[in-house]
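One structure is given below, encoded as structure tokens.
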């Protein structure tokens, strides 16, 4: 993305004043091509880092104070001290920064004071993982001031721990991993059990990624997301009765799901069927994308959406509308909801020549049906988080 470094520094100075060496870090959002609700089931996911991003402008302080501001919340500066016990604030945006600081200290990292301004081109609540971008970006900023180097996978795991234990969202490891370790021009097939990863090229001359935001934000902490995760855990306990080696739904086969019909509660059966079939679809999609068999990848994306719609029950009329309308445009290979669902965005895999038509048709159909205009983003596979200056 085009960035005006001087303008970013000017905005920082307006909040925190002039002086000192100012640094800038960027952290991308992410979109998942396929593999939804599989990460916390030890399965496979297939995300890309996107061009929309979080920017953190920061400088060091010598008094041990950590001060954070966000352009999304003008005038609200959160301040805490590295020498005091760091605790969460009730439902406050700064808990991501607080949590990273807490977990760095818990890991033995000696922090220094800092001022930091968070600027976000990622829509909050859209399912494009603005939270992981803030976590990873904040972590890199803190490390930069300490002068310490840390493996990016470890940074991702600390961010994951922060989101789970400090913020209170029981998410999987996908978001933090792709934000920290994405490669430009590549999608990542991530094994969420052992964190092994492989990268699959996406030729921008042949493929573009189009994201359409329903403008219906989802609320992840607690609620429906946590209920789905509990359903999966309960299904695992059922399968363990006859298959003690099962550790997660990753270890369950479709035959096992089929044989459970009539014995396992229908809701839990549906949840298990989605996860088990989605894991298989994700691995197949990565293989097919590598072979440039885009039509078949698109069909798997549609199958994923229908499974999320019917078995996992995390779609919505708005998401369904955008998927259905996208598939009416010639040159769209496939579309599906992306993220946890229940709001947020869809993702479509598109021929470059079809992008303009899709950008025109989706708002027309959506406005007519729901009286809203969806935000549309066009992206390729971006790089993971990095220092800009």
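Each row is one residue, and each column tells you yes or no for (1) at pLDDT below 95; (2) over 24 Å from the mean Cα position of the chain (by Cα).
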| position | (1), (2) |
| --- | --- |
| 274 | no, no |
| 277 | no, no |
| 287 | no, no |
| 295 | no, yes |
| 305 | no, no |
| 320 | no, no |
| 341 | yes, no |
| 349 | no, no |
| 356 | no, yes |
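Rundown of residues vs (1) part of a loop (DSSP other than H, G, I, E, B); (2) in contact (Cβ under 8 Å) with a residue 60 or more places away in the chain; (3) crowded, with 22+ Cβ neighbours inside 10 Å; (4) not assigned by TED's automatic domain parsing to the domain that holds residue 123, yes/no style:
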site	(1), (2), (3), (4)
323	no, no, yes, yes
328	yes, no, no, yes
336	no, yes, yes, yes
346	no, yes, yes, yes
353	no, no, no, yes
357	no, no, no, yes
362	no, yes, yes, yes
365	no, no, no, yes
369	no, no, no, yes
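Kindly indicate whether any position in the stretch 285-295 is closer than 30 Å to residue 368 by Cβ and either touching a strand residue (DSSP E or B) at 6+ places or on another chain (Cβ under 6 Å) or not assigned by TED's automatic domain parsing to the domain that holds residue 38 (or both).
Pass one, the stretch 285-295, residues closer than 30 Å to residue 368 by Cβ: 294-295.
From what's left, either touching a strand residue (DSSP E or B) at 6+ places or on another chain (Cβ under 6 Å) or not assigned by TED's automatic domain parsing to the domain that holds residue 38 (or both): 294-295.
Yes, there is a match, as at least one residue in the stretch 285-295 is closer than 30 Å to residue 368 by Cβ and either touching a strand residue (DSSP E or B) at 6+ places or on another chain (Cβ under 6 Å) or not assigned by TED's automatic domain parsing to the domain that holds residue 38 (or both).
Within the stretch 12-40, work out how many residues are in a helix (DSSP H, G or I) and either modelled with pLDDT of 95 or more or not assigned by TED's automatic domain parsing to the domain that holds residue 73 (or both).
From the stretch 12-40, those in a helix (DSSP H, G or I) are 12-16, 39-40; that's our starting set.
Then keep just the ones that are either modelled with pLDDT of 95 or more or not assigned by TED's automatic domain parsing to the domain that holds residue 73 (or both); that gives 12-16.
Qualifying residue count, the stretch 12-40: 5.
Do we have residue 283 as free of Cβ contacts under 8 Å to residues at least 40 places away in the same chain and under 30 Å from residue 234 (Cα atoms) here? Spell out the reasoning first.
Details: free of Cβ contacts under 8 Å to residues at least 40 places away in the same chain: no; under 30 Å from residue 234 (Cα atoms): yes.
Here the answer is no, as residue 283 does not meet what is asked.
Scanning the stretch 72-97 for residues that are surrounded by fewer than 19 Cβ atoms within 10 Å (Cβ to Cβ), in contact (Cβ under 8 Å) with a residue 40 or more places away in the chain, touching a helix residue (DSSP H, G or I) at 6+ places or on another chain (Cβ under 8 Å) and closer than 16 Å to residue 131 by Cβ yields a single hit, 88. Taking the residues in the stretch 143-191 that are touching a strand residue (DSSP E or B) at 6+ places or on another chain (Cβ under 7 Å) and at pLDDT below 95 as candidates, determine which candidate is nearest to residue 102 (Cα to Cα). If we take residues in the stretch 143-191 being touching a strand residue (DSSP E or B) at 6+ places or on another chain (Cβ under 7 Å) and at pLDDT below 95, then 175 is nearest to residue 102 (Cα to Cα).
When the stretch 43-54 is limited to residues that are assigned to a strand (DSSP E or B) and touching a helix residue (DSSP H, G or I) at 6+ places or on another chain (Cβ under 6 Å), the one that is surrounded by the fewest Cβ atoms within 10 Å (Cβ to Cβ) turns out to be 44. Could you tell me how many of the residues in the stretch 304-320 are in contact with a helix residue (DSSP H, G or I) (Cβ under 6 Å, 6 or more places away or on another chain) and without any contact (Cβ under 8 Å) to a residue 60 or more places away in the chain? Of the residues in that region, 4 qualify. Of all residues in the stretch 288-301, those that are surrounded by fewer than 19 Cβ atoms within 10 Å (Cβ to Cβ) and over 14 Å from residue 202 (Cβ atoms) total 3.
Note on the stretch 101-202: enclosed strands (runs of 3 or more DSSP E) holding 1 or more residues that are closer than 30 Å to residue 292 by Cβ are 186-191, 197-201.
The values are calculated or read from the model by the stated rules, or taken from the named source; none is laboratory data. Nothing here was measured: the structure is a model prediction, and the numbers come from that model. All Cβ positions, even for glycine, are placed from backbone atoms using ideal geometry, and neighbour counts span all protein chains on display.
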